[in-house]
Amino acid sequence: MPPQLPPDQAHWTRVAAEWTAWARAPGHDAFWSYRDGFRAFVGQGTGDVLEVGCGEGRIARELTTLGYRVTATDPVPAMVEAAIDARSAAAYAVASAARLPFDDGSFDRVVAYNVLMDVEDVPAAVREMARVLRRPRGDLVLSLVHPFADHGRFEGDEPEAPFVLAGFYFGRQRFETTFARDGLQMHFAGWSQPLEAYVDALALAGLAITALREPKPDNPQGLTGPMQPWTRWPLFLWLKARPLPD
């Protein structure tokens, strides 16, 4: 029998085709409402960048247009194939976030966009990202679904819809949910955990936070539908972190 895949890799292997269709539909999901802000947060550059968990390649494509030489990795072969087909990066590798096939200090920057919520062992993944950073100036850029947003929902699409909390914030919890919109369906699965769990993982890896953003959508006045209420509450959390001096 073939070896059993870890839960995160098994899930994304099953939904690779779903995700590729979902992510490549322009304007379809929340990414498009925050795209310009995330590009500004990353900034223009010319260095070597590793994207961990590239999916079908849309963040790698954004990084490439910002001037970086991008290496895109994902543990799911079908995702890497999709990224290659779209010419998303300069180089590619099928690799787990917790076992990156690169030498120490290989990259000026590592980017993980909405990946750590899907990773089974977050401290191990962050340790690997820190290991491949060039010192002392290399940095890690993270986007997370805001831990607060994981534990509630809006009671409608109108701008002033109440946000209702459910369950409990503390501890690590598995989630599985399905969204359907405009003829497309996407099954999401991963883990919810509090902000301190991510900060602890950074600290254990010898990284210090240098910037933090709770971004608003790029064009709040022009939003319609389910994105409107997110002008009042943070949907994402963006972080930059840098290695501490030896």
Q) In square nanometres, what is the average projected area of the Cα convex hull of region 105-242? A) 9.4
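Multiply the residue separation of F102 and E155 by 0.36 nm, subtract the distance between their alpha-carbon atoms, and state the gained length in nm to one decimal.
Numbers: separation 53, 0.36 × 53 = 19.08 nm, distance 4.59 nm.
Length difference between fully extended and current span is 14.5 nm.
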Q) Which distance in nm do the two modelled labels at L5 and T65 give, with both placed 7 Å along the Cα-to-Cβ direction? A) 2.9
Q. With point charges of +1 on the Cβ of Lys and Arg and -1 on the Cβ of Asp and Glu, referenced to the Cα centre of region 7-243, which listed residue (M117, L212, V76) lies farthest in the positive direction of the dipole?
A. L212
(Q) With +1 assigned to the C-beta of every Lys and Arg and -1 to the C-beta of every Asp and Glu, and no other charges, what is the dipole magnitude of the chain about the Cα centre in debye, to the nearest 20? (A) 540
(Q) To the nearest 20 Debye, how big is the dipole of region 24-136 about its Cα centre, given +1 on the beta carbon of each Lys and Arg and -1 on that of each Asp and Glu? (A) 360
Q: Arrange the peptides 207-218, 101-112 so that the one whose residues have, on average, the most other Cβ atoms within 10 Å appears first.
A: 101-112, 207-218
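Where a number appears in this text, it was derived from the coordinates with a stated rule and is not lab data. Just so you know, these numbers come straight off a predicted model, no measurement behind them. In this analysis, Cβ positions are derived from the backbone assuming ideal geometry, glycine residues included, and neighbour counts consider all displayed protein chains.
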